[in-house]
Structures are given as structure tokens and as C-alpha cells.
Amino acid sequence: MSHETARIRAEALESLLIEKGLIEAERVDDVIVRYNERVGPMNGAWVVARAWQDPDFKARLLADGTEAIKEYEFEGGEIDKLVVVENTDEQHNVVVCTLCSCYPWAVLGLPPKWYKDPAYRSRVVREPRQVLAEFGTELEEDVRVRVWDSSAEVRYLVLPQQPPEWVGLDDETMAERVTRNSMIGVERLS
Ligand code: FE
């Protein structure tokens, strides 16, 4: 289903449900506000900040993301399986959904518009370095790039590298600085 078709379908369904009295328009708006404002990328940022501070949590997060974030009870049943991939000096990870726009809502909120763009979805697979450069992320030659293709079953979160200057900051300050784009993998933190 193309994006445009999906959008029209969603709107048609929403109108029908409202017309039949099955849902109220405010209820739909609630969901949008929830993912946009309440969930947002902050959940993911907290997880990242903690992983940097707590080696045991980080190990659990990388071994089984779904299990490791359970204790947070994040809203959003959108995650069946969360896989967390760590950026290192050797490997840079970037996330896409080539088929549609699967995204880890519970940790990152609503996907940004460009994430759903067919150009991003096809190009990041073919020419990841070029696409990353367009986001301002120039990778060194010797850094391997890995592109992770999300699906309805598996969603990915990038654990960005912690800038050395951030060591020693408290979780809250760090979480505020962790950007959404760094957790999708199109950006590095500095
Ligand atoms: Fe998808």
C-alpha cells in the first residue's frame, strides 16, 4: 500500500468510525497528541542515557531490547520486538523501513516525515553514505555502515556513541541532548 493510499484509507476509516458513532474525533486526536508530545523521542533518549551510564543495563539492552525496556512500561503496543544496535568506532547503524514506515513508536514517538519518504527509504539502502552526508553525517572511510530494515515485527533503535564531553553529566541533561535523529542513526551526537 502506498503512503498516499494509506493516508486516504486512514482518513476514510476515521470518518466512517466517527459517523457510525464508534469513536469520537477527540479520541483520534488524543492518540496523535500522545505519540507526538507525550511519547516523543524522550523515552528513547532516557534509555540511551542510562545505557551509557549503566554497563549492566547496556548489556541487557543489546542482548534483548524488548525485555530490557519492559520495566519502563512505555505506552505503545507498536513494539513486538525491539532490537538495539550500537554505534561504535568501527560500525555506524542507520534504520529504515523500505516497505512502509515501521518505526519504534514506544521509544521514538511519531516518525519524522522524511522517514516515510520513498526517496529516503530506497536511497539509504543503495547509498547510505551519501544520504548520511546529506544529514550532515560524514563518515570516515574505515567506518562500516549497516542499514537495518524495520518491519511490523522487528523495530530498531540506534544506541548512538556518547560524545566524550558528555561523560559525567547526569542522565537528565544527557537525555535532553540525545536527538531523535541520532537514535534513527542519521546523525551523530556532538
Ligand atoms: Fe513499515
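When ligands, DNA and RNA are left out and all protein chains stay put, how many square angstrom of accessible area per residue does the chain have with a 1.4 Å probe? Before the final figure, lay out the partial values.
Values: 10620 Å² over 190 residues.
Value for the chain: 56 Å² per residue.
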Given charges at Cβ of Lys, Arg, Asp, Glu: the chain dipole, positive-most of ALA63, PHE74, VAL186: VAL186
Cysteines without a disulfide-compatible partner [the chain; Cβ-Cβ under 4.7 Å]: CYS100
Portion, in percent, of the accessible area of the chain that falls on carbon or sulfur, probe 1.4 Å: 50 percent
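Hey, what did the chain get for relative contact order, percent, Cα under 8 Å, at least 6 apart? Before the final figure, lay out the partial values.
Values: 273 pairs, mean separation 51.5, N = 190.
Relative contact order comes out at 27 percent.
The values are calculated or read from the model by the stated rules, or taken from the named source; none is laboratory data. The shown structure was predicted, so the numbers you read here are calculated from the model rather than taken from an experiment. No Cβ is skipped: glycine too gets one built from the backbone with ideal geometry, and neighbour counts run over all protein chains shown. Accessible surface is based on the protein model in full, side chains and every heavy atom, while ligands, DNA and RNA are left aside. Shrake-Rupley method; radii C 1.70, N 1.55, O 1.52, S 1.80 Å.
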